[in-house]
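The values are calculated or read from the model by the stated rules, or taken from the named source; none is laboratory data. Quick caveat, the model's predicted, so the values are computed rather than measured. No Cβ is skipped: glycine too gets one built from the backbone with ideal geometry, and neighbour counts run over all protein chains shown. Keep in mind that these areas ignore ligands, DNA and RNA; they rest on the heavy atoms of the full protein, side chains included. Shrake-Rupley method; radii C 1.70, N 1.55, O 1.52, S 1.80 Å.
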Amino acid sequence: MKTKILFISGMLLVIMGHFCASASALEVGGFEIHGWASQGFVQSTEKNPYPVKGAGEGSFRFNEYAINVSKQLTDNLHVGIQLFGQDRGYYGNDKPQIDWAYADYRAFDWLGIRVGKVKMPHGLYNETRDNDMLRTFIFLPQGVYNDLRRDTINSQLGGAIYGTIPAGKMGSFSYVAEVGNILISSPNDSGLAAQVKAQGLASDVSDIDTSTTYAGKLDWQTPVEGLRIVGTASLITTMTANGTVPNNFPVPGYAGTTQPAVAKDWARHVLSTEYTRGDLVLALEYEQIRLKLQPFFGPSSLSTPETYYVSATYRFNDFFELGAYYSAYYYDKNDHHKGNPAYSENNAWQKDLTLTTRFDINKHVVLKFEGHLINGTYLLGEVLPAAQENNAQENWFMFATKLTFGF
Amino acid sequence: MVHVSPAYSASYVLIVNKNVSANSLSRNDVRSIFLGEKSRWDDGKTVRFVVLEEGAVHRAFLQDVVGKTTQQFLNYWRKKIFNGESLAPKSVVNAQEAVRFVTTNAGAIGYVSDDYVTNSVKVISIE
């Protein structure tokens, strides 16, 4: 059955791509419409089902879709909205949500303003992480671009200023500065809820509230041809997930009650560089994370992970591109062997060596194959209960393939 | 004013609408225009650029002036479209359409092989 679904989905996408090969967008009444849909398959080591539920046996619960509508109202003003949904088995469940929706007024090249639900900057690729056609890899390095945390760094309701400032022989600087509140419209289907459930703190999550969130980006196009250096930072002052405590919670008196799990002063800092020379693109990113965790039961703790990756991609021709990266993610930046005490000793880190092939069937259809050799279980431990993570293998693999149609 | 790209066996010229006062542009300015970073001429008028969808002239111009391959340029604009930063740039399938767009739109700029230049547009140089 699963094979039939994949085959039919694949054929449908290829046919759509064939018939749309000459069209770059749909236009209806002055509105520009774009979208994409992806269907993938993931197979991992049996005891390490990641990053999709059921990956140990092989899983098709790996898809995304989006559609956006935009209109240029004046030379300086445009508006748009994008709906997005995904399924990872652990979270998502294909529930559509408003990905972004804002008005963008560009007063000058050096100063524009966006108001509404605006995308948040984070590293080099956060604003485009969802669309498979825009990158070489199926999975971006999961340290900096942890898909489980997407909802906490994707977009926020508020405003932003942005612009580009030429700097003569120094190149140019682009910036974004924004403030708002993160809205998670389907809290029980979010990645954060999946983690809270895996930890046994809730059987379902009824809502997730955030207080003021700040985010910024400075992108320096250096005088060296093809070299950019980017710094991004964000701060969520408070994020609270309210959930129902499961019936098997070991401490009496809590089962069935609604309790909060709180993250305070959640700060992320990413320093990135990207170098492009012809068809070769090299990237290096380093991130530090810092947040205070206040579960409803037990002591508060300070979490200080760090992560980095280095990647290289090369496009051989219009049809074929090859990419590889090595990434590492550590639970504690001060002690790379210290992990969550409830989990296995391998939970202190996760290192990932990845190789990807990308095939552009045409401008609208992309097919990819990707293999991961992984050591450690840090990120795996975020979606599995401790007892299950303790049985996971330290050295494991994950294979993914994905077909995407976009216009 | 004709820019030759031996790597792509192609040559191209930069053309603008006749109401554009500039007679030359720096490479950085041209790059900024086609990446959507520079949206106004020095006199404040709106820049409207047009790109070819494919071909040797398209490849040569993007690589020589914009500093991107055709795939990188396509994905650059897709990123802007899918995060709401911009609508898609105006693109045409051949040089005649590019010349027509530049002729009929104030503040327009494009690139074509010099074989297709007519006296309805102005050719400017890249410094």
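Data for the structure
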read-out: Two-site label geometry, A:Gln393 and B:Arg27: point separation in nm, points 7 Å out along Cα→Cβ; value: 5.2
read-out: Choice from A:Glu64, A:Glu287, A:Glu32 with maximal GNM fluctuation in chain A (Cα, 10 Å cutoff); value: A:Glu32
read-out: Shielding score for B:72-81, defined as the mean number of other chain Cβ atoms within 10 Å; value: 5
read-out: Percent of beta bridges antiparallel (DSSP, segment B:3-126, rounded to nearest 5); value: 60
read-out: Long-range HN-HN contacts of A:Asp204 with modeled amide H, under 5 Å; value: A:Thr244
read-out: Whole-percent carbon and sulfur share, accessible surface of segment A:306-371, 1.4 Å; value: 62
read-out: Nearest-20 debye value, chain B charge dipole, Cβ charges on Lys, Arg, Asp, Glu; value: 340
read-out: Reachable lysines from A:Lys169, criterion Cα separation under 19 angstrom, eight or more residues apart if same chain; value: B:Lys38
read-out: Structure-based [θ]222 nm, the protein assembly as shown - -39500 (n - 2.57) summed over DSSP H runs of at least 4, per residue, nearest 500; value: -3500 deg cm²/dmol
read-out: Unsatisfied cross-links (Cα-Cα over 30 Å) in the set A:Lys197/A:Lys264; A:Lys402/B:Lys80; A:Lys217/B:Lys122; A:Lys117/A:Lys264; A:Lys217/A:Lys292; value: A:Lys217/B:Lys122
read-out: For segment A:260-310, size of Cβ-based charge dipole, Lys and Arg +1, Asp and Glu -1, in debye; value: 280
read-out: Residues whose placed amide H lies under 5 Å from that of B:Glu85, excluding near-sequence neighbours; value: none
read-out: Cα centroid separation - segment A:238-252 against segment A:314-383, whole Å; value: 31
read-out: In Hz, Karplus ³J(HN,Hα) per residue of segment A:350-356 (6.51, -1.76, 1.60; θ = phi - 60°; x = Gly, Pro); value: 8, 10, 9, 10, 10, 10, 10
read-out: Spacing of the two label points (7 Å from each Cα toward its C-beta) at B:Ser125 and A:His336, in nm; value: 5.6
read-out: Farthest positive-ward along the protein assembly as shown dipole, Cα basis, beta-carbon charges - from A:Met133, A:Val52, A:Ile165; value: A:Ile165
read-out: The protein assembly as shown - Rg and Dmax from Cα coordinates, angstrom; value: 24.3, 86
read-out: Length-normalised contact order for chain A - Cα pairs under 8 Å, 6+ apart - percent; value: 15
read-out: Net dipole in debye of the protein assembly as shown [+1 Lys, Arg Cβ; -1 Asp, Glu Cβ; about Cα centre; nearest 20]; value: 460
read-out: Where segment B:3-126 is the region considered: accessible area per residue in Å², 1.4 Å probe; value: 40
read-out: Chain B, relative contact order [Cα under 8 Å, separation at least 6], %; value: 45
read-out: Gaussian network model of chain A, springs between alpha carbon atoms under 10 Å - residue of A:His364, A:His269, A:His34 with greatest fluctuation; value: A:His34
read-out: Estimated FRET transfer efficiency when R0 is 41 angstrom, pair A:Thr304-A:Val115 (beta carbons, to 0.05); value: 0.75
read-out: Residue-by-residue Karplus 3J(HN,Hα) for segment A:363-376, coefficients 6.51, -1.76, 1.60, Hz, glycine and proline x; value: 5, 10, 10, 10, 10, 9, 10, 8, x, 10, 9, 10, 10, x
read-out: Peptide B:85-96, shielding by other chains (average Cβ, 10 Å cutoff); value: 3
read-out: Hz values of 3J(HN,Hα) by residue in segment A:204-220 - Karplus curve (6.51, -1.76, 1.60), Gly and Pro given as x; value: 8, 10, 7, 7, 10, 10, 10, 8, 4, 10, 10, 8, x, 8, 10, 10, 9
read-out: Tail weight of P(r) past 24 Å, computed on alpha-carbon pairs of segment B:3-126, percent; value: 19
read-out: Positive-pole candidate from A:Asn390, A:Phe405, A:Tyr343, dipole of segment A:268-407, charges at beta carbon; value: A:Phe405
read-out: Summed buried accessible area for B+A [probe radius 1.4 Å, Å², rounded to 100]; value: 2900
